[in-house]
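Novice: Below: one structure in structure tokens.
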Amino acid sequence: MKILCWNCRGVGNPATVLEFRQLLVANVPDIVFLCETKINSNRFQRIRSICRMEGCLAVDSAGKSGGLALLWRDGLDVSVQNYSNFHIDSLVRLENEDVLRFTGFYSQIASRSRQQAWDILRRVHHKVNEGWIVGGDFNAILNLSEKEGGRSKPKVLMEEFCNILEELKLTDIKPCNGWFTWTNNREGDRFVKERLDRFVALDVILDKFPFLASYVVHQSRSDHEAILIDTEGSKPNRERTGHKAWFRYDTCWAGEQELKDLILSIWEKEESNMLAKMDMTRDKLGPWQFSRF
């Protein structure tokens, strides 16, 4: 199972929706948690439809800030347990009938809001009777290795975060690629980057999914990168569920006339929009790559 989390910094404009759709096509997550959506929950039905996710629960933004959403693919049994401005808590029934708890989490910088967010995690923890994964934007770092540039974070805040994870018995999942997930996009001495987004989990999750892996996924329209966790991520020679999963573009394809003809036939279809053509391209190139190489 794949879970993707992203602080999208607003998902109300068409360009961000398109990037979000591309993010889903490229990574094929089963569950998606978004924070800082900055839109009313009623508008999420349209986004859910565009992105072809079956289930959706959205939490309203507070004016031009905040806003959360949890989306999941067709066929996945997800039951939302509770939610707030800081989290969406859910139970996920896996194919083997095991139940996993996933909590999408968003903490803010302000001291009062941060304490409220920690207290919500504590309340969720009291209800946990299964494997538990928490993912999202924690707006906190564990130590100075998770920050470059700018002023040092107050030691008391880093200790507070460490103590919360220890209290809840949650283990930090280190990403396999990359490290920092947020940047202020400034230049020179003012450039700052931090690891604010992450997954944490109970040890029972690590025991149950020994090949679990986390990744940083680069984004261009937000100052936050997306993060992805895959319960089978590092499993060697894992079976593919279909030819779509084999699609990984390689520059050596550029000289293949058969490939050029295939792409041309898709993009000449006047009756299809851009998103549909992107889907068709991926659907066709997966099997083509599999049979050709």
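Novice: Would you mind telling me which residue in His224, His126, His87 has the biggest mean-square fluctuation in a Gaussian network model of the chain, where springs connect alpha carbons within a distance under 10 angstrom?
Specialist: His126
Novice: Related question: For region 57-72, in order, what is each residue's ³J(HN,Hα) by Karplus, 6.51 cos²θ - 1.76 cosθ + 1.60 with θ = phi - 60°, in whole Hz (x at glycine and Pro)?
Specialist: Going residue by residue, I get 10, 10, 10, 4, 6, 9, x, 9, 9, x, x, 10, 8, 10, 10, 8 Hz, with x marking Gly and Pro.
Novice: Something else: What would the Debye formula give as log10 I(q)/I(0) at q = 0.14, 0.19 Å⁻¹ for the alpha-carbon point model of region 10-135, no solvent?
Specialist: -0.62, -1.09
Novice: Taking GluC sites (Glu not before Pro) that fall in a DSSP loop and have at most 11 other Cβ atoms within 10 Å as cut points, what is the longest piece of the chain between them? Provide the component values of the computation, followed by the final result.
Specialist: On the way: sites that count: Glu95, Glu97, Glu187, Glu239, Glu268, Glu270, Glu271.
Answer from the scan: 1-94.
Novice: Extending each Cα 7 Å along its Cβ direction at Thr183 and Ile109, get the distance between those two points in nm, one decimal.
Specialist: Distance between label points: 1.9 nm.
Novice: Hey, what do the phi angles of region 180-194 turn into as Karplus ³J(HN,Hα) couplings, whole Hz, using 6.51/-1.76/1.60 and θ = phi - 60°, x for Gly and Pro?
Specialist: Rounded to whole hertz, the list is 7, 10, 9, 9, 8, 6, 9, 10, x, 5, 8, 6, 9, 9, 9.
Novice: In a GNM of the chain with a 10 Å cut-off on Cα contacts, which of Trp132, Trp267, Trp182 has the highest mean-square fluctuation?
Specialist: Top of the fluctuation ranking is Trp267.
Novice: Quick one: 3J(HN,Hα) in Hz for region 209-218, Karplus 6.51/-1.76/1.60 with θ = phi - 60°, rounded, Gly and Pro as x.
Specialist: Here the 3J(HN,Hα) series is 10, x, 9, 4, 9, 10, 9, 9, 10, 5 Hz.
Novice: Running a GNM on the chain with Cα contacts under 10 Å, which residue among Ser107, Ser152, Ser79 ends up with the highest mean-square fluctuation?
Specialist: Ser152
Novice: Mind pulling up the Rg/Rh value for the chain? Radius of gyration and Kirkwood radius, both on Cα. If you can, show how the numbers build up before the last one.
Specialist: Details: Rg = 19.9 Å, Rh = 20.4 Å.
Reported Rg/Rh (Cα atoms, Kirkwood Rh): 0.98.
Novice: Okay, moving on. Mind jotting down the distance between the C-alpha centroids of region 17-36 and region 173-189, whole Å?
Specialist: 20
Novice: Let me ask something else. Could I have the simple spin-label model distance between Cys176 and Asn96, label points 7 Å from Cα toward Cβ, reported in nm to one decimal?
Specialist: Simple spin-label model gives 1.9 nm for this pair.
Novice: While we're looking at this one, here's another question. Using r as the Cβ-Cβ distance of Arg46 and Lys155, and R0 as 35 Å, what FRET efficiency do you calculate, to the nearest 0.05?
Specialist: 0.20
Novice: Now for a different question. Going by how many other Cβ atoms sit within 10 Å of their own, how do Thr183, Thr16 line up, fewest first?
Specialist: Thr183, Thr16
Rule-based calculations on the coordinates, nothing more; no lab input. Keep in mind the model is a prediction, meaning the values are calculated, not measured. Here Cβ is always computed from backbone atoms with ideal geometry, including for glycine, and neighbour counts include all displayed protein chains.
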